[in-house]
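Each value in this text was obtained by applying a stated rule to the coordinates, not by laboratory testing. Given the structure is predicted, the values throughout are model-derived calculations rather than measurements. Because the Cβ atoms are built from the backbone with ideal geometry, glycine has one as well, and the counts that use them run over all protein chains shown.
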Amino acid sequence: MNTLQAILIAIIEGLTEFLPISSTAHMVITSSIMHIESDDFTKYFEICIQFGAILSVVVLYFKKFLDFKNPKFYIKLILAIIPSLVFGFLLNDFIDSKLESPLFIAIVMIVGGVFLLFVDRLFQNPTIHHERNIDNRLALKIGLFQCLAIVFPGLSRSAATIIGGMSQKVSRDTAAEFSFFLAVPTMFAATAYKTLKYIKVNGMFNAHQCITLTIGNAVAFIVALFAIKFFIQFVKENGFKLFGYYRIVLGAAVIILIAVGVIK
């Protein structure tokens, strides 16, 4: 993977991390189309730059994350992340195998897209319109929904948590914001785990890899800042149907590309 390819993947990560269209699917598909070798560093890079993207949440909502007088907020995030930590650890090898299967990801993209076409009609009349009204029990339930994205790569962590929140009477914009908040400890834990695992197997990063990781995280961070602001406003006004159509079209396109040999 050269620097230009790393920048392109980081842009895609920043654009898609917080949209319900699966950043993982987009990076895997992009890497396949560009025939980037799926070595250990490439796999690690695609996880690591997600950390750069979620740092944008900390910056945009710094008052929330730095309000140490409100421990309830941190407790909710800790409870919500526990299921993902357990599932992620137990299913690590399964997840890695599915990340190497563009066909599996494409099918999950289509199935998730069909669901998004109807999600706004399925979950109407929300009663929770602010993060402070999400209690510990509800936070844990949303965390359980996040596990679906771990079991089914391509589903989208964002989609799973937002739909999970909406199914519990949380408004779609509040569910989206809580999904952003939950991404911070989730991706921090995933990055820390993958970093330790990578170093244990491959040793410390060389100079070129350090530069690539720095550039990738910086690009993902900057792009994600704009993507978050766009997403909240768009969802408030339009809902999720457009994202559903997008997922279906992209999933079908990937299956066609696999059939003709462009993606292997």
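Name the residues of the range 188-203 whose amide N is less than 19 Å from a point 7 angstrom out from the Cα of Val86 along the C-beta direction? Only 189-190 fall inside the zone, counting backbone N under 19 Å.
Prolate is the label for the range 122-248. Its Cα gyration tensor axes, ordered a ≥ b ≥ c, give a/c of at least 1.5 and a/b above b/c. The GNM of the chain, with springs linking C-alpha atoms under 10 angstrom apart, assigns the highest mean-square fluctuation among Leu60, Leu155, Leu140 to Leu60.
Sequentially through the range 193-204, phi angles give Karplus couplings (6.51, -1.76, 1.60; θ = phi - 60°) of 5, 5, 5, 4, 5, 5, 5, 4, 8, 10, x, 5 Hz, Gly and Pro residues having no value and appearing as x.
Using a Gaussian network model of the chain whose springs link C-alpha atoms within less than 10 Å, name the residue from Phe68, Phe123, Phe221 with the highest mean-square fluctuation. The residue that fluctuates most here is Phe68. Between rounded, prolate and oblate, where does the range 71-148 land on the alpha carbon gyration tensor, with a ≥ b ≥ c its root eigenvalues, rounded for a/c under 1.5, else prolate if a/b exceeds b/c? Oblate shape, in that a/c is at least 1.5 and b/c is the bigger or equal ratio. Once the chain from Lys200 to Ala259 is taken as fully extended at 0.36 nm per residue, the excess over their C-alpha distance is 17.5 nm.
For the range 26-130, lysine pairs with C-alpha atoms less than 22 angstrom apart, excluding pairs fewer than eight positions apart on the same chain, total 5.
Which shape class applies to the chain: rounded if a/c is under 1.5, otherwise prolate when a/b exceeds b/c and oblate if not, where a ≥ b ≥ c are the square roots of the Cα gyration tensor eigenvalues? Oblate is the answer for the chain, as a/c is 1.5 or above yet b/c matches or exceeds a/b. Once C-alpha pairs closer than 8 Å and six or more residues apart are averaged by separation and normalised to the residue number of the chain, the relative contact order reads 39 percent. Of the residues Ile248, Ile211, Ile47, the one that moves most in a GNM of the chain with alpha-carbon contacts below 10 Å is Ile211. Close Lys pairs in the range 147-248, defined as Cα atoms under 28 Å apart and 8 or more places apart or on different chains, number 4. Each Lys and Arg adds +1 at its Cβ and each Asp and Glu adds -1 at its Cβ; summed about the Cα centre, the chain shows a dipole of about 760 debye. Compared with the direct C-alpha span, the chain from Phe65 to Asp93 gains 6.8 nm at full extension, assuming 0.36 nm per residue. Taking 0.36 nm per residue of separation and subtracting the current Cα-Cα distance, fully stretching the chain between Ile7 and Leu242 would add 81.9 nm.
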